[in-house]
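Quick note: the coordinates plus some simple rules give every number you see, no bench work behind them. All values derive from a computational prediction rather than experimental measurement. Cβ sites come from the backbone with ideal geometry, for glycine too, and all protein chains shown count toward neighbours.
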Amino acid sequence: MIDLYYWTTPNGHKITMMLEEAGMKYRVIPVNIGKGAQFDPAFLKIAPNNRIPAIVDHKPMQAMPQGEALTLFESGAILMYLADKSKKFLDRKNAYWRKEAIQWLFWQMGGLGPMAGQNHHFNMYAPEKLPYAINRYVNETARLYGVLDQRLADREFLAGAYSIADMACYPWIVPHERQQQNLADFPNLKRWFDAIKARPATERAYAIAKNLNTQPSGQSDEAKRLLFGNQKK
């Protein structure tokens, strides 16, 4: 059994998508980041960067010292671990396609996620509307969408077959309207997006989020303090 410490963010969705695709047994342990649960000392032992997601695998791939459970944080690392454990969605036989999937996973971790995240912040949450910052991140998001669109011009998925690279990128495209992006401008990306959205595992993963997080879409001042500052007033 895998314990998934989770909240309804793009990085959280990556892991529920993978677990559902791979058919792995897991239980969700909610970490409500709008209420400061990410600063709980028990969670910090698992995820010292006070960010979701994190996992605890009680039956890891290899024996741990003193029979301990395996703990892991950082969504990209978790995806790679789950792919290797399940032997799914990260090609084990073809080094080229394995490299391609890892390459695009890292691209998401280092580019698409951070830039789209800043887009969300300055568009929706910043106390001041700063045109320079908004334009900077909206334009960079558009550039990254264009990179994806070009990549997908001659292939169904980012690394040939469906992989953890696609699962990493998809949740960051879901809020495209909030990012001021029109998927019609990126036809290859839109085709890819619609195909992943229709997958049963994707539907199950997002149903978990919908059932778990029933909060209104807005954020209180206290929630913003916890999300964008720290646990101290």
For peptides 154-160, 74-80, sequence by mean Cβ density within 10 Å, most packed first: 74-80, 154-160
Everything considered on the Cα gyration tensor (a ≥ b ≥ c; rounded for a/c under 1.5, else prolate if a/b is larger than b/c, else oblate), the range 2-89 must be described as oblate
Give me the percent of Cα-Cα pairs in the chain that sit more than 25 Å apart, rounded to a whole number. 43
Starting from the Cα-Cα distance between Arg27 and Arg178, subtract it from 0.36 nm times their residue separation and give me the gain in nm to one decimal. 51.4 nm
Entries in Lys85/Lys210; Lys25/Lys87; Lys25/Lys85; Lys14/Lys190 that, when Cα-Cα distance is taken, lie over 21 Å: Lys85/Lys210
Each label point is 7 Å from the Cα along the Cα-to-Cβ direction; what then is the distance between the points at Glu74 and Gln103, in nm? 2.1
Taking Lys93, Lys88, Lys197 and counting other beta carbon atoms within 10 angstrom, the fewest-first order is Lys93, Lys197, Lys88
Taking the dipole of the chain about the Cα centre (Lys, Arg +1; Asp, Glu -1; charges at Cβ), the one of Thr202, Gly34, Met1 that reaches farthest to the positive side is Met1
Determine ³J(HN,Hα), in whole Hz, for all residues of the range 48-61 in sequence, where each value follows from phi through the Karplus function 6.51 cos²θ - 1.76 cosθ + 1.60 and θ = phi - 60°; x replaces Gly and Pro. x, 8, 6, 9, 8, x, 8, 10, 10, 9, 7, 9, x, 4
Relative exposure of Met61, Met18, Met167, judged by other C-beta atoms within 10 Å (fewest first): Met61, Met18, Met167
